[in-house]
Structures are given as structure tokens and as C-alpha cells.
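I have placed the structure first, in the form of C-alpha cells, so that the comments after it can refer back to it.
The values are calculated or read from the model by the stated rules, or taken from the named source; none is laboratory data. Note that the coordinates shown come from a computational prediction; the quantities given were computed from them, not determined experimentally. Cβ placement follows ideal geometry from the backbone for every residue including glycine, while neighbour counts extend to all protein chains displayed. Each accessible area value is taken on the protein alone, full model and side chains, heavy atoms only, with ligands, DNA and RNA left out. Shrake-Rupley method; radii C 1.70, N 1.55, O 1.52, S 1.80 Å.
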Amino acid sequence: MTNLTNVLVPTSADDAAAAFGDGSGVTVVAGGTIVMPDIKLGRLCPERTLYLGRAGLDRIERSGGMCRIGAATPVSALVDGAPEPLATFAAHVGDREVRGQATIGGNLCAPATATFSRGDLQAPLLTLDARIRSAGSTGERTDSIEDFLAAGPDGRLVLEIEVDEPKRAASASVRRPHAHAYTILAVAAAETAAGIRVAIAGAGPRAVRATSVEQALADGASPEDAGQKALDDVDPQDDAIASGNYRRQVLPALVTRALGDLS
Amino acid sequence: MRLTVNGIERELSTRPLDTLLNALREELGITSPKAGCQQGGCGACTVLIDGEPRRSCLTPLVAVDGATVTTVEALGEPGNLSPVQAAFYEQYGLQCGFCTPGFVLATTAMLERNANPSREQILEELVGHVCRCTGYVKIVAAVEAAARGDVSEAALEAGATGPSRREPEVLVPGSPA
């Protein structure tokens, strides 16, 4: 491990976990796409920084119906190397250059801002029943993605994300024709051993499962009828990218489209 | 921090969490990467890191320790432009020029991967580059011309003579523009 005046560069996952400790006073940098502007503008003054780019956490392994993805895997590697609907969502992140740099771990831990949500990959990870392996003061542990998102990333260093290979998957999204390709609204759907899961990104500070939609499907509802249930699961708000009203109008149709593509 | 910039190995004293953009501009005096939005949205700071276009404003220096960085200064020089530079010149693919280094580098890298991109592929690949002179029509025409190899000898030799040409005493790739 190299120590460059408070910038630690671990060369293995164990080194990274040891350097992270309980995370207090530690700023984690991998791709840098979120954290670098904050450092540059002085909004963030790291006491100690952990640079994850050389910790060997950038591999994708697919075997036995599962896919394991290192936390520092670039989003671009997911486009060709991850199961759907994660691959399609990855292809919609930023532009080619940002995708080559941004990482899945950063996307998972991205804090929402006051003006828009970030972390589009949370929705496909929810549908794929992702497990998040992380290190922290209590040692290493694995959480379901729902527990991880609910608790937030503070005090945890994400090491690896494991997802099931889906039997089938689909997605639908409204994209913004602009370099800042934050998604206005996106829906992911997948069937795994855990059943059919549907998740929505862009309708709140972080992605959520559409459990009402899932229940309606389980009860035999059509894609159209199940789509209408999505508004029971989220309460879209206005932000810098789109109005809550627009999102409420569009969301059922997106869910219906994704479910139509799933079958 | 050691990195190879435009073919020359450099040892930099810029701090590891400062941006590559800052190191290039302030420490090495290489001013073609532009400090535009400085939050990854405009593409004016794009350089090639190990051959791949990347935002130098989002790249901490620690991430490029040992890497090879290329800026437009290494692509060509007045009188001996690269085909992509010549195509931008010939097709009027620039107005004020602020976004041009990013476009030229992203185009150069794209054509290395895919010598014959469709119009849709060009737009998708370059979507992260913003031109505030609203010159996209000419820029895309320049990229298409470069892909076709439709670049005249005169364009490749542009800048060889002219009142604005200043002869540097030593012409080193990577010297200040």
C-alpha cells in the first residue's frame, strides 16, 4: 500500500478494508466522477482518502447462475459484461467517457442531491436481488440491497456486489437528450429465483421496488393494470430534470412497457 | 507521481487528489485541455489516458500514476495536422475552438476503435461534448469526413505558413500551446 500524504492506495481488497477501518474521516475515491468536483470546489476536504483503483476490485465473474462484480468495476464494463437489466441501465449512464471512469460501487453509494436523484444502477440491482458485501467497523458482512440502501453507505466500504442471473429481464426509460444523462425515470424488471421484481429509478432520492406492481402481477394482473399500481409505490416530486406531474403521467406506461417486454 | 505525457516521461509534484486537468495546465503548461464546467459535463477537458478518452477534470492524479496521457499537442502540429485535425479545419468544424481539443481527441479514439462509424454511433460517442457555438452540424460533418478519409493535402498542411505562425525555438510535443 502506498501512502501519499493522506491518500492511501491499497493493492488488495484486504488492504482496502484495513485502511478503511470504521470509515471515520475516510473519503473513498474510485472513478472520481462524483467526488472530484466536490473536492475541487472545496465542498469536501478529505482528511484521509482511500483510492480504490488499484485494489483489484474491478472484476466481473459469472458462474453458477450468479454474477459477482467488484465495487470498482467501471460502468462501461457492465455494458458488455453484466446481466440484464443491469447492462442496459449501465449503457444509459453519462457518456462513454464518464462510463469508462465511474464505478458500480460509486453509483450504488451515490448520494441524492437536493435537485435530482443519482444512482440509476440501484433499480436493476433491486430487481436482481443483489447482495452487497462490505467492510466496516464490525468487519465484513453481506446485506440485501434493500437493507443496504435503507441503512445508507456511511461507515461501509463496498467490496463486491453479487446478483442472480435472471431468467428474463426488461427495462423501459425516458432518456434526456443531453450530456448530463441523468435519467428522468426508468423501470427495471427481472425474474430470478426470488420471483418477478420491478424497481423504479428517478421517482425519489433513491430507487425503490414497486411492490404493489409485483403483487398485482402475482395476482394475475395484465401489464396495463399492474402498471397503474406503480403510483402506489412512489410519490414522484418535482426536481431540476422533470416535474412530479410529468413523472406520474409517464410512470404507469413505462412499467407497462417493461412488463410487456418481460413476457 | 510519474506519467508519460505526449511521449515524455514526467515526474509531477501536483498533489495526488488534484485533477489531471490542473496538473497538465498549471504544472506542465499544456493548455489544450480546457477547464470548462469542471464537473464532467462538457467534455472540453477530455484527454486520452492509455488511449481512451477521459475527463481530466474528474481524474485525480493518483489514478494516472504510471499512465500514458495524450493531448492534441501530440496529434499534429501546424503544417502537419493529423487527419482528424485537418478534417475539423477543412469542414469548419470549429468556431471559438474551446471544445475542439476534446472533440478531436474523442473522435481520434473513436476512429481507432471503429473506422467506419454510423451517424448514430458518432452522435452517441460524442454526446458528452458540448459546443456552445452550436456548431454540431459542421462538427459531425468533420467527423464523417475524417472517417471517410476525405481530407485534402492542403488541409493536412494547414498552418505551415501564415502571419500568425510563431516558430517555437524547440518544437517538443507537449510544449505549451
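Within the range B:64-75, which residues are within 11 Å of chain A (Cβ to nearest Cβ) and either within 14 Å of the chain's Cα centre (by Cα) or crowded, with 24+ Cβ neighbours inside 10 Å (or both)? First the steps, then the outcome.
So the first thing to find is which residues in the range B:64-75 are within 11 Å of chain A (Cβ to nearest Cβ), and the list is B:64-67.
If the condition is that a residue be within 11 Å of chain A (Cβ to nearest Cβ) and either within 14 Å of the chain's Cα centre (by Cα) or crowded, with 24+ Cβ neighbours inside 10 Å (or both), then B:Val64 is the only one that fits.
Would you check if B:Leu126 is farther than 15 Å from B:Gly149 by Cα and either charged (D, E, K, R) or open to solvent by less than 80 Å² (accessible area, probe 1.4 Å) (or both)?
Numbers: farther than 15 Å from B:Gly149 by Cα: yes; either charged (D, E, K, R) or open to solvent by less than 80 Å² (accessible area, probe 1.4 Å) (or both): yes.
When the stated conditions are applied, B:Leu126 passes them.
Could you please let me know if A:Ala172 is out of contact with any Cys (no Cβ under 8 Å at 6 or more places or on another chain) and free of Cβ contacts under 8 Å to residues at least 40 places away in the same chain?
Judged against the criteria, A:Ala172 is not a match.
Of the numbered conditions (1) over 18 Å from B:Ile30 (Cα atoms); (2) touching a strand residue (DSSP E or B) at 6+ places or on another chain (Cβ under 8 Å), B:Val69 satisfies every one except a single condition; which is it?
Checking B:Val69 against (1) over 18 Å from B:Ile30 (Cα atoms); (2) touching a strand residue (DSSP E or B) at 6+ places or on another chain (Cβ under 8 Å), the one that fails is (1).
Looking only at residues in the range A:148-164 that are at pLDDT below 95 and charged (D, E, K, R), which one is least open to solvent (accessible area, probe 1.4 Å)?
Among them, the one singled out is A:Asp164.
When the residues of the range B:1-28 are narrowed to those that are out of contact with any Ser or Thr (no Cβ under 9 Å at 6 or more places or on another chain) and of a type in the set (D, E, K, R), which ends up surrounded by the fewest Cβ atoms within 10 Å (Cβ to Cβ)?
B:Glu11
Looking only at residues that are in contact (Cβ under 8 Å) with a residue 24 or more places away in the chain and within 19 Å of the chain's Cα centre (by Cα) in the range A:203-215, which one is surrounded by the most Cβ atoms within 10 Å (Cβ to Cβ)? Walk me through it before giving the result.
Residues of the range A:203-215 in contact (Cβ under 8 Å) with a residue 24 or more places away in the chain: A:203-210, A:213.
Subsequent filtering for residues that are within 19 Å of the chain's Cα centre (by Cα) retains A:203-210.
On the way: A:Ala203: 28, A:Gly204: 17, A:Pro205: 15, A:Arg206: 19, A:Ala207: 29, A:Val208: 19, A:Arg209: 19, A:Ala210: 32.
Checked the range A:203-215; the qualifying residue surrounded by the most Cβ atoms within 10 Å (Cβ to Cβ) is A:Ala210.
Which of the residues that make up the range A:216-240 are open to solvent by less than 30 Å² (accessible area, probe 1.4 Å) and at pLDDT below 95?
Result: A:Val234, A:Pro236.
With the requirement that a residue be of a type in the set (Gly, Ala, Ser) and in contact with a strand residue (DSSP E or B) (Cβ under 7 Å, 6 or more places away or on another chain), what does the range A:20-59 give you?
Within the range A:20-59, A:Gly23, A:Gly25, A:Ala30, A:Gly31, A:Gly32 qualify.
Please determine, by comparing only the residues of the range A:92-101 that are open to solvent by 10 Å² or more (accessible area, probe 1.4 Å) and not in a helix (DSSP H, G or I), which one is nearest to the other protein chains (Cβ to nearest Cβ).
Residue satisfying both the conditions and the ranking: A:Gly94.
Report whether or not B:Gly135 is open to solvent by less than 40 Å² (accessible area, probe 1.4 Å), of a type in the set (Gly, Ala, Ser) and within 14 Å of chain A (Cβ to nearest Cβ).
Against the criterion (open to solvent by less than 40 Å² (accessible area, probe 1.4 Å), of a type in the set (Gly, Ala, Ser) and within 14 Å of chain A (Cβ to nearest Cβ)), B:Gly135 does not qualify.
I need the full set of residues from the range B:29-57 which are assigned to a strand (DSSP E or B) and open to solvent by 40 Å² or more (accessible area, probe 1.4 Å), in order please.
Selection gives B:Glu52, B:Arg54.
Under 8 Å between Cβ atoms, at least 6 apart or on separate chains: pull out the pairs that start in the range A:48-65 with a residue that is more than 16 Å from A:Glu160 (Cβ to Cβ) and end on any residue that is among the acidic types (Asp, Glu) and crowded, with 19+ Cβ neighbours inside 10 Å.
The qualifying pairs are A:Gly65/A:Asp164.
Do any helices (runs of 4 or more DSSP H) entirely within the range A:168-263 hold 3 or more residues that are assigned by TED's automatic domain parsing to the domain that holds A:Arg118 and of a type in the set (D, E, K, R), and if so, which?
Filter on the range A:168-263 gives A:244-262.
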